[in-house]
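What follows is a single structure, written as structure tokens, with notes after it.
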Amino acid sequence: MKLQSVFIAVMVSTAVNCAVQAQDTTHSTTPPKNKKAAPTPLDDRGGLPIPENLMGLKNLSLAFWVKFRSTNQQVYRFVNEAAQFQAYTQVCKRHELNISLAPITELANRYIQAAIPAHYDEPEFALLEPLGKQGQQAFLEDMSSDLYAFEFGFRIAEQNYKIQESGQTKKSFCKNIAEEYKHSYIALRATAQRRLEEFSRPAATN
């Protein structure tokens, strides 16, 4: 658990640093009132840095995830709910559910792998292209694992905070939310099974 806490802290710190660097860049390039500044590549990127290597690309991917994770798009919503449910099973270990998380986490990781490059532009693809298909897939899988771990750790911290704020014992709190998470699990499992079946079907040919 200590290692997980350290990992989450590092991930969050990285995302914050990316945002701060972007803000600093914006402020430092503000021209005097009577002088026009030449446009910079950062103007078209919302202040986000241009990655120079794969580590920079990982940091940028995390910044993108933090930026868009709260949107109501299906991809982000499913990942958030999957991580939240898994955090519930970790915090509230005593429950009556017969859980199989494999299809849920598989779909969550597929969604993350689809979401990561959706925000990339030419500089990001220029770093991925030399890796080839296998290298690109390995990068996306590694990045997906990191982002899901970030989301999972965040949800555990959120769950523990809610218990503390409620003034209830963990046992009472978990009992009160058991029915809610039962319905959440049923919906997540149904969605995962349906979508994974769709992915496994051969593509239609004309």
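Throughout, read-outs are computed from the coordinates displayed, never taken from laboratory work. Because the structure is a prediction, the values reported are computed rather than measured. All Cβ positions, even for glycine, are placed from backbone atoms using ideal geometry, and neighbour counts span all protein chains on display.
Numerical summary
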quantity: Span from the region 98-156 Cα centroid across to the region 52-88 one, whole angstrom; calculated: 9 Å
quantity: Distance (nanometres) between label positions extended 7 Å along Cα→Cβ at Ala157 and Ala126; calculated: 3.4 nm
quantity: Percent of Cα-Cα distances greater than 13 Å, calculated over region 44-115; calculated: 72 percent
quantity: Inter-site label distance for Gln137 and Phe68 at 7 Å from Cα along Cβ, in nm; calculated: 2.2 nm
quantity: Efficiency of FRET between Lys93 and Ser145 - r from beta-carbon atoms, R0 22 angstrom, step 0.05; calculated: 0.40
quantity: Length released on extending from Glu52 to Glu180, taking residue separation times 0.36 nm less the Cα-Cα span; calculated: 41.6 nm
quantity: Kirkwood hydrodynamic radius (C-alpha pairs) into Stokes-Einstein, region 125-164, 37 °C and 0.692 mPa s, D in µm²/s; calculated: 275 µm²/s
quantity: Rounded D (µm²/s) - region 123-206, Kirkwood Rh over Cα pairs, Stokes-Einstein at 10 °C, 1.306 mPa s; calculated: 94 µm²/s
quantity: Scaled radius of gyration (Cα, divided by 2.2 N^0.38 Å) that region 53-200 gives; calculated: 1.17
quantity: Local electrostatic count at Ala187 - Lys and Arg +1, Asp and Glu -1, tallied over other residues with Cβ under 12 Å; calculated: +2
